[in-house]
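K.L.:
Let me begin by handing over the structure; questions about it come next.
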Amino acid sequence: MLSPNLRLFHSSARGLSSVSKRAFSIDAKQFPANKQRFIPKSGKYPQGFLAGGSHCGIKKNGKGDIAALLSDRPTTASAVFTTNQFCAAPVTYDRSVLNGAREAGQQRVRGVIVNSGCANAVTGAQGMADARAMAKAGQLLVQKIDGKDQQCETLVMSTGVIGQQLPMDKILKGVPQIEMGATHEQWMRAAIAHMTTDTFPKLLSRKVELSEGQEIRMAGITKGAGMIHPNMATLLGTVCTDAAITQPLLDKALAYAVARSFNAISIDGDMSTNDTIAVLANGAAGTKLIDQESSEYLKFRSELTSFMAELASLVVRDGEGATKFITVEVAGARSFADAKQVASTIATSSLVKTAFYGQDANWGRILCAVGYAGVPLDTAKVCMAIHPGDGSEPLQLVRNGEPLLPVDEVRASEILKQEDMLVRVELGLGNEDARMYTCDLSHDYVSINADYRS
């Protein structure tokens with residue numbers, strides 16, 4: 001449990017005054033009415049973690065732009081990063097921190113500092129110096145909370161406009177003034193401070209029983225609404241858990257989970273320079289250490305995957321200009337890789353996505369994407385159906401490679417008017433399956449991105 005003096009932290013009496021001026025609303029009513037059902041009103045947060053968010057002046061509109069997630073003890077930390085070769089300075093810095101911890105066999109990371117409004121990408125040597133300075137500010141915040149000077153590391157993440165230098169004077173003043181706490185309100189402040197073009201904060205928490213008497217908690221924050229495409233896309237995310245797990249197994253579990261969650265979503269096919277998904281495990285739950293591929297490890301991996309898939313789905317639901325949430329499920333493949341390749345090809349097809357926006361049951365576009373996905377098929381075995389989000393009867397469109405004509409256009413219209421739907425393709429070649437999560441492509445997507453810097 002958190003010690004009493006760590007339940008709520010202010011940097012100083014003087015800092016309290018500054019914090020009040022930097023506060024911003026966390027009222028869910030400020031966000032679109034159709035998104036409010038995705039915003040939690042309470043949470044089950046992992047022991048030993050503090051969260052907070054503030055406005056330091058990066059954004060001109062007074063909204064949250066600096067956040068921190070900190071552990072009261074060193075964590076086992078793992079992360080996956082963008083594969084974009086123009087990776088941002090925070091990505092390069094975080095890789096070096098995590099690789100150094102692995103090589104030393106030590107738990108060094110105490111948390112993560114996040115800014116929104118400026119990506120610190122394509123910023124040269126100054127960008128790297130700023131990333132280090134931002135991390136140092138996080139380390140000083142940890143030491144102030146601890147009440148003692150000891151060596152530690154914090155990761156850094158940045159999101160926003162590419163090619164601009166961070167306003168470090170504002171960040172270095174802002175980090176010490178973040179009000180840290182373990183309450184739902186503090187976690188929500190941190191989530192809101194991650195947002196850029198997001199229309200709602202993305203926060204999720206869960207209680208999990210690994211085995212009888214072995215209960216842990218997970219909490220995650222992510223952001224992203226555009227430039228979303230594997231491997232990875234414009235999103236930041238951190239999952240905090242009070243489970244105890246070794247570095248190799250956390251790395252392995254994260255790789256498995258990301259392949260089925262954050263690397264299984266696509267909005268627009270663009271890959272960002274900044275993407276980072278990190279997991280911090282501090283062991284504060286007091287459960288036994290997961291140090292081998294036991295049933296408890298498999299349960300942890302399964303729960304982490306499910307948790308991250310739900311967290312990632314919030315990104316798709318907030319896709320820039322999106323009106324539909326579409327799950328693409330491919331079953332009966334020879335391998336997971338084949339299933340995911342077909343699902344990804346469907347999910348990233350602009351013709352498929354615009355058809356869903358237009359509520360057009362153009363099954364030919366879906367079948368076309370299956371055919372050019374690069375996976376060997378027996379076309380005479382392919383089946384396809386669209387399942388509505390309300391759980392009612394699906395519409396079968398293709399069976400054994402042949403269309404079921406005439407298409408029931410009335411039923412198709414009923415399904416395509418819904419916000420949620422699932423496209424299921426059965427290949428009939430094996431037992432492996434995969435899912436991708438995507439959205440439609442609308443007029444508003446163009447408008448949002450045409451005006452992004454204005």
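The values are calculated or read from the model by the stated rules, or taken from the named source; none is laboratory data. Everything numeric in this text was worked out from a predicted model, so none of it was measured. Note: ideal-geometry Cβ built from the backbone for every residue, glycine included; neighbour counts use all protein chains shown. Keep in mind that these areas ignore ligands, DNA and RNA; they rest on the heavy atoms of the full protein, side chains included. Shrake-Rupley method; radii C 1.70, N 1.55, O 1.52, S 1.80 Å.
K.L.:
Which residue, of Ala121, Ala131, Ala101, is farther than 18 Å from Ala51 by Cβ, of a type in the set (Gly, Ala, Ser), in a loop (DSSP other than H, G, I, E, B) and open to solvent by less than 40 Å² (accessible area, probe 1.4 Å)?
P.N.:
Ala121
K.L.:
Run Glu209 past the list (1) free of Cβ contacts under 8 Å to residues at least 60 places away in the same chain; (2) open to solvent by 30 Å² or more (accessible area, probe 1.4 Å); (3) closer than 25 Å to Ala101 by Cβ and report the number of the one that doesn't hold.
P.N.:
With (1) free of Cβ contacts under 8 Å to residues at least 60 places away in the same chain; (2) open to solvent by 30 Å² or more (accessible area, probe 1.4 Å); (3) closer than 25 Å to Ala101 by Cβ applied to Glu209, the lone miss is (3).
K.L.:
Take the residues in segment 41-83 that are under 17 Å from the mean Cα position of the chain (by Cα) and modelled with pLDDT under 95; name whichever of them is surrounded by the fewest Cβ atoms within 10 Å (Cβ to Cβ).
P.N.:
It comes out as Thr83.
K.L.:
Counting only residues that are more than 14 Å from Ser266 (Cβ to Cβ) and either open to solvent by 20 Å² or more (accessible area, probe 1.4 Å) or assigned to a loop (DSSP other than H, G, I, E, B) (or both), how many does segment 319-344 have?
P.N.:
8
K.L.:
Here is a follow-up. Would you tally the residues in segment 375-394 being assigned to a strand (DSSP E or B) and within 14 Å of Asp420 (Cα to Cα)?
P.N.:
So the count comes out to 3.
K.L.:
Give the residues of segment 345-362 that are open to solvent by 30 Å² or more (accessible area, probe 1.4 Å) and under 22 Å from Ala412 (Cβ atoms), sorted by residue number.
P.N.:
The answer is Ser350, Leu351, Thr354, Tyr357, Gly358, Gln359, Asp360, Asn362.
K.L.:
Determine which single condition Ala133 fails, assuming it passes every other condition in (1) under 20 Å from Ala278 (Cβ atoms); (2) touching a residue at least 60 places away in the same chain (Cβ under 8 Å).
P.N.:
For Ala133, the failing item is (2).
Rundown of residues vs (1) out of contact with any Gly (no Cβ under 9 Å at 6 or more places or on another chain); (2) of a type outside the set (Gly, Ala, Ser); (3) within 30 Å of Ala243 (Cβ to Cβ), yes/no style:
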| position | (1), (2), (3) |
| --- | --- |
| Ala312 | no, no, yes |
| Val330 | yes, yes, no |
| Thr354 | yes, yes, no |
| Gly364 | yes, no, no |
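K.L.:
Next up: For the list (1) under 24 Å from the mean Cα position of the chain (by Cα); (2) in a helix (DSSP H, G or I), I need the number of the one condition that Leu367 fails.
P.N.:
Failing condition for Leu367: (1).
K.L.:
If I ask for residues that are closer than 29 Å to Thr246 by Cβ and outside any strand (DSSP E or B), which ones from segment 54-87 would you list?
P.N.:
Thr82, Thr83, Cys87
K.L.:
Would you check which residues across segment 233-266 are modelled with pLDDT under 95, in contact with a helix residue (DSSP H, G or I) (Cβ under 6 Å, 6 or more places away or on another chain) and either in a loop (DSSP other than H, G, I, E, B) or among the hydroxyl-bearing types (Ser, Thr, Tyr) (or both) and list them?
P.N.:
Across segment 233-266, the qualifying residues are Leu235, Arg260, Ser261, Ser266.
K.L.:
Could I ask something else about it? Could you tell me whether any residue of segment 423-437 is part of a helix (DSSP H, G or I) and under 26 Å from the mean Cα position of the chain (by Cα)?
P.N.:
Within segment 423-437 (the criterion being part of a helix (DSSP H, G or I) and under 26 Å from the mean Cα position of the chain (by Cα)), the answer is no, since none of the residues qualifies.
K.L.:
Any idea which of Gln107, Gln139, Gln126 is free of Cβ contacts under 8 Å to residues at least 40 places away in the same chain, on the phi < 0 side of the Ramachandran plot and touching a Pro at 6+ places or on another chain (Cβ under 7 Å)?
P.N.:
Just one listed residue meets the conditions, Gln107.
K.L.:
Can I ask one more? Any chance segment 409-428 includes a residue that's without any contact (Cβ under 8 Å) to a residue 24 or more places away in the chain and not basic (Lys, Arg)?
P.N.:
The answer is yes, given that some residue of segment 409-428 is without any contact (Cβ under 8 Å) to a residue 24 or more places away in the chain and not basic (Lys, Arg).
K.L.:
Which condition breaks for Ser306 when tested against (1) farther than 30 Å from Gln214 by Cα; (2) in a helix (DSSP H, G or I)?
P.N.:
That leaves (1) as the condition not met.
K.L.:
Give me the pairs: first residue in segment 40-52 and among the basic types (Lys, Arg), second residue not in a loop (DSSP other than H, G, I, E, B), beta-carbon distance under 7 Å, and six or more apart or on different chains, which are they?
P.N.:
Lys44/Ser205; Lys44/Arg206; Lys44/Lys207; Lys44/Arg217
K.L.:
Would it be correct to say that Thr287 is outside any loop (DSSP other than H, G, I, E, B), modelled with pLDDT of 95 or more and under 29 Å from Lys41 (Cβ atoms)?
P.N.:
Against the criterion (outside any loop (DSSP other than H, G, I, E, B), modelled with pLDDT of 95 or more and under 29 Å from Lys41 (Cβ atoms)), Thr287 does not qualify.
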